[in-house]
1. If you check GLU60, GLU70, GLU108, which single one turns out to be buried (at least 18 other Cβ atoms within 10 Å of the Cβ) and farther than 21 Å from SER182 by Cα?
2. When only residues in the stretch 134-146 that are in contact with a Gly (Cβ under 9 Å, 6 or more places away or on another chain) and not hydrophobic (A, V, I, L, M, F, W, C) count, which is surrounded by the most Cβ atoms within 10 Å (Cβ to Cβ)?
3. Can you name the number of the only condition in (1) in contact with a helix residue (DSSP H, G or I) (Cβ under 9 Å, 6 or more places away or on another chain); (2) aromatic (Phe, Trp, Tyr); (3) assigned by TED's automatic domain parsing to the domain that holds GLY94 that PHE244 fails?
4. Limited to the stretch 247-259, what total is found for residues that are surrounded by 14 or more Cβ atoms within 10 Å (Cβ to Cβ) and of a type in the set (D, E, K, R)?
5. Which members of the stretch 220-246 meet the condition of being over 16 Å from the mean Cα position of the chain (by Cα) and either exposed (fewer than 14 other Cβ atoms within 10 Å of the Cβ) or more than 11 Å from the ligand (Cβ to nearest atom) (or both)?
6. Can you pull out every residue in the stretch 171-194 that is within 16 Å of the ligand (Cβ to nearest atom), surrounded by fewer than 17 Cβ atoms within 10 Å (Cβ to Cβ) and touching a residue at least 60 places away in the same chain (Cβ under 8 Å)?
Amino acid sequence: MKRFEGKVSIITGGGSGLGRAAAKQLASEGAKLVLVDLNMKGLEESKQEILQDIPEATIELVEANVAKEEEVEKYVQFTLDTFGQIDSFFNNAGIEGKQNLTEDYGIEEFQRVVDVNLNGVFYGMKHVLKVMKEQGHGSVVNTASVGGIRGVGNQSGYAASKHGVVGLTKNSGIEYGQFGISVKAIAPGAILTAMVEGSLRQMGGEDWEATGREFVKANPMLRFGKPEEVGYLVAFLLSNQADFINAVVVPIDGGQSYK
Ligand code: NAD
């Protein structure tokens, strides 16, 4: 079943991890993709990986910083100029930031994390939802986190930004449902991507893999999630099959949020 035939999707953070996994899944179902990232090398790798499996895939790359509104406008305008429509949007780029107790958490670090994870998601929705409203259809999935639902600790900037993403999702979902648009968020637990490797290195240094083995013992399923598992969920949520799912957060975490 090809749920995205003739459809156009924008994916931010498309140069790595969850963005790349979602891009693969959407491309396999016929979506034309605009992948956005700060990291052009990562974007090129995503494109090559997808084209190896799906040679007929249509993939455009845009180097942009989601924390700058004018660069968000640039990727939205590029998509319209290239394809004339935006059917779905995976608003996903994010960073974790340094781990620290609240009293030691730097103000600049707090601002840096919020600029990307919260402001970046807001700018994306602001400019994409306007287009979707004119079209009369569309779906948005924002990437929150388990850290946007419950306290994880040592992550003031991340917690504030991801709880904020949940708030933005509920707010916009309520506003835009009447225009045929759904807005939802996903809340991933620990999914083994470059971000989680970075976080394990902060905790365990070079022996981060051993730290990882300890870390996952706290998960009810005793393992990390796989990026492709998130890709399957995002594809479902962005598809027409999930049109009536709106203004909610869907955890994908092996049960960690409810432990
Ligand atoms: P990742 O580091 O593998 O990928 C993130 C991508 O976002 C990178 O390619 C990076 O270059 C890009 N990016 C970062 N800042 C950017 C900016 N300002 N503008 C444009 N692109 C930018 O990480 P990931 O695990 O794939 O994370 C994707 C999203 O999932 C993030 O929002 C993250 O907070 C969230 N998340 C991840 C996990 C997990 O366990 N991996 C858990 C919960 C939430």
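1. Being buried (at least 18 other Cβ atoms within 10 Å of the Cβ) and farther than 21 Å from SER182 by Cα holds for just one of GLU60, GLU70, GLU108, which is GLU60.
2. This residue is SER145.
3. (1)
4. Matching residues across the stretch 247-259 total 1.
5. PRO220, MET221, LEU222, ARG223, ASN240, GLN241, ALA242, ASP243, PHE244, ILE245, ASN246
6. ALA194
The values are calculated or read from the model by the stated rules, or taken from the named source; none is laboratory data. Owing to the predicted nature of the structure, the values given are computational and were not obtained by experimental measurement. Using ideal geometry, Cβ is built from the backbone for each residue, glycine included, and neighbour counts are taken over all protein chains shown.
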